[in-house]
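**Q** Input: one structure, supplied below.
The values are calculated or read from the model by the stated rules, or taken from the named source; none is laboratory data. Worth saying up front: this structure is predicted, and the values here are computed from it rather than measured. All Cβ positions, even for glycine, are placed from backbone atoms using ideal geometry, and neighbour counts span all protein chains on display. Side chains included, ligands, DNA and RNA excluded: accessible areas come from the protein's heavy atoms. Shrake-Rupley method; radii C 1.70, N 1.55, O 1.52, S 1.80 Å.
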Amino acid sequence: MSHPHDQHAEHAAFGPQWWEHHYQERTAGHGTPSPQLVAETTGLRAGTALDAGCGRGADALWLARQGWQVTAVDVSPTAVSHGEQLAAAEGADVAARVSWVVADLATWSPLEQYDLVVSQYVHPAIPFAAFVARLAAAVAPGGTLLVVGHDHADEHSAAHAPAQASIGLDAFTAPLPAEQWDVQVAETRIRHLDHGSTRKTFHDLVGKARRHG
């Protein structure tokens, strides 16, 4: 039996081919939006949103149901195709609010800025602080940036990821100068996931900031 760290060993860890294999091998998605997304965006006025690293689209579709006009981007064609199928099943009203894009977030740049930019559990091929800076550039004045990742204390990601997957708070806060940003949340949160009779514990890093208008 291969060790989790050896999965897709023929592909660079967290590279485009690695993610494509990941989604090809795991055809079922849970379809449940991230609890951190729900907690931090409920109450925001719906506008335009970028879901950077959308996976199979559960978060993008949740945002669309709340009235957001969403651009959902992921490097895996399989993941994006799955999201498109889920959107179609939601009905025309919700499906029309999501635009799906296959692209590598380390190099892709949007043509517009958004009222909300969300990125969760993304492992870019560039330093994470540089990735946050790219995300921040996509936030419109007065808009919100939400980044969620695996905290350094998260033992589950350390045991199962093929490479370093955790981040620290400084990787989120350092690229956001105080004269341009109001950091509203920068903390670690514990999240539990029940799988049958087993309960898994995760340590999430949650960062939320508002760009000055």
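**Q** Sum up the charges of everything whose Cβ sits under 14 Å from the Cβ of Gln66, counting Lys and Arg as +1 and Asp and Glu as -1, but leave Gln66 out.
**A** -3
**Q** Expressed as a rounded percentage, what relative contact order does segment 170-213 have, with Cα pairs under 8 Å and six or more residues apart?
**A** Relative contact order comes out at 43 percent.
**Q** Near the amide H of Gly143, under 5 Å away, which other amide H atoms are found, from residues 5 or more places off or on another chain, if H is placed in the peptide plane?
**A** Correct list: Arg211.
**Q** Got a sec to turn the phi values of segment 90-96 into Karplus ³J(HN,Hα) couplings, 6.51 cos²θ - 1.76 cosθ + 1.60 with θ = phi - 60°, whole Hz, x for Gly and Pro?
**A** So the J values, rounded to whole Hz, are 6, x, 4, 4, 6, 4, 5.
**Q** Would you work out if segment 60-106 is rounded, prolate or oblate? Take a ≥ b ≥ c from the square roots of the eigenvalues of the alpha-carbon gyration tensor; rounded if a/c is under 1.5, else prolate when a/b is larger than b/c, oblate otherwise.
**A** Verdict is oblate for segment 60-106.
**Q** Between Ala130 and Ser81, what is the spin-label point distance in nm, taking each point 7 Å from the Cα along the Cα→C-beta axis?
**A** According to this spin-label approximation, the distance is 3.2 nm.
**Q** Heads up, I need the accessible area for His192: 1.4 angstrom probe, whole protein in place, Å², nearest 10.
**A** 100 Å²
**Q** Something else: When all protein chains stay in place, what accessible area (Å², nearest 10, 1.4 Å probe) is found for Leu86?
**A** 60 Å²
**Q** Go from 0 up to the bin containing the longest alpha carbon distance in segment 31-136, width 5 Å each, and give me the % of pairs per bin.
**A** So the P(r) values, bin by bin, are 2, 13, 25, 25, 21, 10, 2, 1.
**Q** Between Asp104 and Gln66, how high is the FRET efficiency from 1/(1 + (r/R0)^6) when r is the Cβ-Cβ distance and R₀ = 30 Å? Nearest 0.05. Could the numbers behind the result be given before it?
**A** On the way: r = 28 Å, r/R0 = 0.92.
Efficiency at R0 = 30 Å is approximately 0.65.
**Q** What full-extension length gain, to one decimal in nm, is calculated for Lys200 and Glu112 as 0.36 nm per residue of separation minus the Cα-Cα distance?
**A** 27.8 nm
**Q** Give me the number: length gained by fully extending Val38 to Ala96, i.e. 0.36 nm times residue separation minus the C-alpha to C-alpha distance, one decimal in nm.
**A** Roughly 18.8 nm would be gained on extension.
**Q** I'd like the accessible area for Ser109, computed on protein heavy atoms only with a 1.4 Å probe and all protein chains in place. Round to 10 Å², please.
**A** Answer for Ser109: close to 70 Å² accessible.
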